[in-house]
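Each remark here refers to the structure printed beneath this line.
The values are calculated or read from the model by the stated rules, or taken from the named source; none is laboratory data. No experiment lies behind these values; they were computed from the predicted model shown. Cβ sites come from the backbone with ideal geometry, for glycine too, and all protein chains shown count toward neighbours. Side chains included, ligands, DNA and RNA excluded: accessible areas come from the protein's heavy atoms. Shrake-Rupley method; radii C 1.70, N 1.55, O 1.52, S 1.80 Å.
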Amino acid sequence: MAKSNVMGVVKGVAFGMATGVVAGYVGKKMKDQGKRTMRKKASKALDTMENIASTAKYIFR
């Protein structure tokens, strides 16, 4: 039982860190670049975030 609780915490921390990285990246790019470029970068960042979450799901099984 304790192992599953620890894994839940690890998953939550990993997901939170990845979300923070993506949010920081998008925010910095939004500040530095125009709207069109920012949309492209945000889309790529979102795709990367989805891939990270999907990979993490299989790693922690």
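Some notes on this structure:
- Among the residues making up segment 30-43, a single one is under 29 Å from residue 10 (Cβ atoms) and loosely packed, with under 12 Cβ neighbours inside 10 Å: 43.
- Residue 37 vs. criteria at pLDDT below 75, of a type in the set (Val, Ile, Thr) and part of a helix (DSSP H, G or I): yes
- Hits in segment 15-29 - residues which are aliphatic (A, V, I, L, M) and open to solvent by less than 40 Å² (accessible area, probe 1.4 Å): 18, 22, 26
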